[in-house]
Amino acid sequence: MKDISQSIIKVDNDEKTSGLAQYVADIEMDGMLFAMTKRSSIAHGEIIDIQYPQIPEGYYIVDYKDIPGKNIVKVIYEDWPVFTEKKVTYIGEPIMLVIGPDKQVIVDILNHIHIEYQVIEPVFDWTDSVIDYHYDKGQAKKMFQQADSIIHKEYQTGYQEQAYIEPQGYIGYPEGDKTTLVGSIQCPYYVKNAVLQVLGEKEENVRIIQATVGGAFGGKEEYPSLIGCQLAVAVKKIQKPIQLIFEREEDMTVTTKRHPSKTSFEAAIINNQLVALKAKVGIDAGATIGLSGVVLSRALLAVSGAYTINHLDVSGHVYRTNTVPNGAFRGFGAPQMFFAIEMFIEHVAKSLNEDPLTFKKSLLAKQGDFTSTNGIFRDPILMPEMIKKAMEVSDFQAKHQAYESSKAYKGIGMSLFFHGCGFTGSGEKDVIKAKVRLKKDHDKQVQILVAAVDMGQGVKTTFRKLVAHILDIPIDYVIFNNPDTDFVPDSGPTVASRTMMIVGGLLARAAESMKKKWHKNSSFTVEKEYEQPDYIKYDEKLFKGDAYPAYSWGVNVVEVEVNPYTYEVNVLKSWAVYDVGKAIDERVVLGQADGGLAQGLSYGYLEVMNHQSGRILQKNMTDYIIPTAMDMGEMNTYIYENPYAFGPYGAKGVGELTLIGGAPAVAKAIENAIGTNVYKIPVTPEYIMELIKNGKN
């Protein structure tokens, strides 16, 4: 069997000069077969019988009976079958693969496989709580007993689709005893560990190679482990190269989304001050729990927003429903929570007849304050300067007052937010245990050997720039190929705003070590393993201590106009101010900032996704509306430097931060324009019409 990995690496190297990139769909192999999935057509029930047509020679059925190991996808909460055996829990659940040389014949076979079900009443209401968290800070119960008044509000967020350019896909092939997968993925070792469990194989018999990735946004964090396991089982059985690539409609109807959420807040008010906060947060996991527990915990950690509230009573619940599983998406629970808390603080201020911005500034977190989990904000917090900058460049105060007193259907809104960088608590130290390698070759080239994935965020530029700068060599001497688990150590997944701060920090330390030996050795390797800062102490079960080693901070201001006849929203202009520690490459950071804010704004007012009896209604790019340049208006971004001691040159997280503030900022701008409170996103024309008609506050 021809090993295509060398050609992939060659193309990878050529990308820098030719612009040529090889995606999964570009890879061809002799005798390659194609795979398609037979899926459930009901939301809940059991498979009673399956009737197959005559299967032509050279075509294959692969299902749970072909799995040599464990029929479960290895993720944090292992409840996701690779192929369902009998029980059906959502529409589109994979039952089997049909594989062969001709796609049209495969489609015909799929259409003639008849499945008889016993239907069970599906659950779509949030009644089945499968994970429950609770934590306290201070003396919330006492504060509520002493309160002059209690203000109660509820907030909702919907689905959001990652809408990456390239759909999910792999090609798999055998290499002797080894099963190799080349995929559009963002976590090579997640896939490898999942495949090892499903095949019951030795570590050396599974190889995962990252192809060039056309976008991910979290959508290629855990989901590729599912289809990677399916394809690996097929390759193991058939012993031929097989391609499995989704069409867009299939991708949108069966892959994970951002979790819908519902958040209920109560504020205890004493002497016109918010002294305590009670929160109940729920998220919809869909049919499998997967990463939902971690997404919920991320949301709960951000419950008090960018503010210091000394007394908290926080509970959270993951609900299972018979809908498509939900999972990782840029921000990972924080966008849902920051929408809710930012709107709530604004609404509390209005209820108290206080100026919202003055009220928020009085609560703003400061260096040395305790976090929501009684950790400490150890680093300087530049939010006062950042707010001042945002107000100056946007003329926020004058516009807000003018729009509030007029009926021009124009508005301006501001959001304040942060994002915790890296995995929570001891995740980096005890779970990930990231390793990186630098290898100096005889020709003085240096290879970066890490599992970090460039999925469009510019890591291939920033990592090479970082290493070249430390070693004082031309950037063209630094090679960073797509990760291949046969050659790179497990430096952890490309998630959680950890890539530059954690993996980049390790690379910087490795480069410093290499520099000391540079002239003494012609060829050698340096390896570094993550070491947790001593001050990070966190109890995952009790939600106590420092959840993150560092925080990035942001301010977004958005100006909109609302059509008084159609209620359509037009984003006129936006201003963004971010503290990301240190920008290793400012153009890359600005690109992340514009893209992140675009996703955040559209989450707030544009992107509508619903299900009807468990079936996703918006299943292509015609039905599901994502923003174009015409929807964003003029964007202005300002970067503040606030170096973090353990990041490379002080760098912190960027990618997730820039999405988080968009939704509350645009929702507040719409509030300012229509003079009525907003309680859910997306703020569609239909919802605006309902608010204006009902005058809800």
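The values are calculated or read from the model by the stated rules, or taken from the named source; none is laboratory data. Just so you know, these numbers come straight off a predicted model, no measurement behind them. Note that we place each Cβ from the backbone using ideal geometry, even for glycine, and neighbour counts take in every protein chain shown. What goes into the accessible areas is simple: the full protein's heavy atoms, side chains included, and nothing from ligands, DNA or RNA. Shrake-Rupley method; radii C 1.70, N 1.55, O 1.52, S 1.80 Å.
Pairing each residue of the range 510-521 that is closer than 14 Å to His469 by Cα and of a type in the set (D, E, K, R) with any residue that is open to solvent by 90 Å² or more (accessible area, probe 1.4 Å) and at pLDDT below 95, provided the two are 6+ apart or on different chains, yields no C-beta distance under 6 Å.
Condition check ((1) aromatic (Phe, Trp, Tyr); (2) touching a residue at least 40 places away in the same chain (Cβ under 8 Å); (3) buried (at least 23 other Cβ atoms within 10 Å of the Cβ)) across all residues:
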site	(1), (2), (3)
Val281	no, yes, yes
His317	no, yes, no
Ala328	no, yes, yes
Gly368	no, no, no
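Residues of the range 243-269 that are open to solvent by 40 Å² or more (accessible area, probe 1.4 Å) and either assigned to a loop (DSSP other than H, G, I, E, B) or not basic (Lys, Arg) (or both): Ile245, Glu247, Glu249, Glu250, Glu266. Being open to solvent by less than 20 Å² (accessible area, probe 1.4 Å), in contact with a strand residue (DSSP E or B) (Cβ under 9 Å, 6 or more places away or on another chain) and more than 19 Å from Glu161 (Cα to Cα) holds for only one residue in Glu656, Glu671, and it is Glu671.
For the range 71-112, give me each residue that is over 30 Å from Glu57 (Cβ atoms), open to solvent by less than 10 Å² (accessible area, probe 1.4 Å) and free of Cβ contacts under 8 Å to residues at least 60 places away in the same chain. Of everything in the range 71-112, just one residue is over 30 Å from Glu57 (Cβ atoms), open to solvent by less than 10 Å² (accessible area, probe 1.4 Å) and free of Cβ contacts under 8 Å to residues at least 60 places away in the same chain, namely Val88.
When the range 131-157 is examined, which residues are found to be in contact with a Lys or Arg (Cβ under 8 Å, 6 or more places away or on another chain) and either open to solvent by 40 Å² or more (accessible area, probe 1.4 Å) or within 25 Å of His311 (Cβ to Cβ) (or both)? If you could, list the steps in order and put the result at the bottom.
Keep residues of the range 131-157 that are in contact with a Lys or Arg (Cβ under 8 Å, 6 or more places away or on another chain), which gives 135, 140, 144, 154-157.
Across the range 131-157, the qualifying residues are Tyr135, Ala140, Phe144, Glu154, Tyr155, Gln156.
Of everything in the range 535-564 that is at pLDDT below 95 and of a type in the set (Ser, Thr, Tyr), the residue that is surrounded by the most Cβ atoms within 10 Å (Cβ to Cβ) is Tyr548.
Looking across Gln118, Gln156, Gln145, one residue alone is in a strand (DSSP E or B), polar (S, T, N, Q) and closer than 30 Å to Asn272 by Cα. It is Gln156.
Taking the range 189-213 as the range and being open to solvent by less than 20 Å² (accessible area, probe 1.4 Å) and touching a strand residue (DSSP E or B) at 6+ places or on another chain (Cβ under 9 Å) as the test, the residues that pass are Val191, Lys192, Val195, Leu199, Val206, Arg207, Ile208, Ile209, Gln210, Ala211, Val213.
Just one of the listed residues (Leu296, Leu357) is within 22 Å of the chain's Cα centre (by Cα) and either open to solvent by 10 Å² or more (accessible area, probe 1.4 Å) or under 25 Å from Val654 (Cβ atoms) (or both), and it is Leu296. I want to confirm something. Restricting to the range 574-606 and keeping residues that are assigned to a helix (DSSP H, G or I) and small (Gly, Ala, Ser), which single residue is farthest from Gly661 (Cα to Cα)? Restricting to residues being assigned to a helix (DSSP H, G or I) and small (Gly, Ala, Ser), the top hit is Gly591.
So, of the residues in the range 607-621 that are open to solvent by less than 30 Å² (accessible area, probe 1.4 Å) and assigned to a loop (DSSP other than H, G, I, E, B), which turns out to be nearest to Ser40 (Cα to Cα)? If you could, list the steps in order and put the result at the bottom.
To start, the set of residues in the range 607-621 that are open to solvent by less than 30 Å² (accessible area, probe 1.4 Å) comprises 607, 609, 614, 616, 618.
Next, from what is left, pick out any that are assigned to a loop (DSSP other than H, G, I, E, B): 607, 609, 614, 618.
Details: Glu607: 27, Met609: 21, Gly614: 12, Gln618: 18 Å.
Looking at residues that are open to solvent by less than 30 Å² (accessible area, probe 1.4 Å) and assigned to a loop (DSSP other than H, G, I, E, B), I get Gly614.
Which of the residues that make up the range 463-501 are out of contact with any strand residue (DSSP E or B) (no Cβ under 7 Å at 6 or more places or on another chain), open to solvent by 10 Å² or more (accessible area, probe 1.4 Å) and under 24 Å from His419 (Cα atoms)? Listed by number, the residues that qualify are Val495, Ala496, Thr499, Met500.
One line per residue, one yes/no per condition, for (1) of a type in the set (Gly, Ala, Ser); (2) touching a Ser or Thr at 6+ places or on another chain (Cβ under 7 Å); (3) at pLDDT below 95:
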{"residue": "Gln612", "(1), (2), (3)": "no, no, no"}
{"residue": "Ile626", "(1), (2), (3)": "no, yes, no"}
{"residue": "Tyr649", "(1), (2), (3)": "no, no, yes"}
{"residue": "Leu657", "(1), (2), (3)": "no, yes, no"}
{"residue": "Ala673", "(1), (2), (3)": "yes, no, no"}
{"residue": "Tyr679", "(1), (2), (3)": "no, no, no"}
{"residue": "Met689", "(1), (2), (3)": "no, no, no"}
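Screening the candidates Tyr567, Tyr638, Tyr603 for the property of being hydroxyl-bearing (Ser, Thr, Tyr), at pLDDT 95 or above and surrounded by fewer than 17 Cβ atoms within 10 Å (Cβ to Cβ) yields one hit, Tyr638. State yes or no: is Ser522 small (Gly, Ala, Ser) and either touching a Gly at 6+ places or on another chain (Cβ under 7 Å) or at pLDDT 95 or above (or both)? No; evaluated as a whole, the condition is false for this residue.
Which one is most open to solvent (accessible area, probe 1.4 Å) among residues in the range 450-462 that are part of a loop (DSSP other than H, G, I, E, B) and in contact (Cβ under 8 Å) with a residue 60 or more places away in the chain?
Start the filter on the range 450-462 by keeping residues that are part of a loop (DSSP other than H, G, I, E, B), which leaves 450-458.
Add one more test, that the residue is in contact (Cβ under 8 Å) with a residue 60 or more places away in the chain, and what stays is 451, 453-458.
On the way: Ala451: 1, Val453: 0, Asp454: 30, Met455: 38, Gly456: 68, Gln457: 37, Gly458: 14 Å².
For the range 450-462, the residue satisfying everything is Gly456.
Checking every residue in the range 407-419 against the condition of being within 15 Å of Thr308 (Cβ to Cβ) and either open to solvent by less than 10 Å² (accessible area, probe 1.4 Å) or charged (D, E, K, R) (or both) gives at least one match. Restricting the range 674-697 to residues that are assigned to a helix (DSSP H, G or I) and of a type in the set (A, V, I, L, M), the residue that is surrounded by the fewest Cβ atoms within 10 Å (Cβ to Cβ) is Met689.
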